[in-house]
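The structure appears right after this line, and notes come after that.
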Ligand SMILES: [Zn+2]
């Protein structure tokens, strides 16, 4: 049975409540003198949702692709106009 964390919006009282998923969320502060509205805190063990499950590697290039690209760029780029030929 999951445990939910609640926090009173009026007096700030924090408490945990073990509830079934089917039970309605608590709405009233358990402090009798308060009985203010409580808010369920999203937190530990209460249905944490991991978003962004899609992890894409966009920078990945295979070695063969890199070799081909390097070869292509080297071959198609204009050769240096005047290379001082040293020996
Ligand atoms: Zn309260």
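The values are calculated or read from the model by the stated rules, or taken from the named source; none is laboratory data. A quick note: this is a predicted structure, and the numbers were derived from the prediction, not measured. Glycine gets a Cβ as well: all are built from the backbone with ideal geometry, and neighbour counts include every protein chain shown.
For the reader, a short list of remarks on this structure follows.
- Given (1) assigned to a loop (DSSP other than H, G, I, E, B); (2) modelled with pLDDT under 65, index of the condition residue 75 fails: (1)
- Complete set of residues in the range 1-24 that are part of a loop (DSSP other than H, G, I, E, B) and loosely packed, with under 15 Cβ neighbours inside 10 Å: 1, 2, 9, 10, 11, 12, 20, 21, 22, 23, 24
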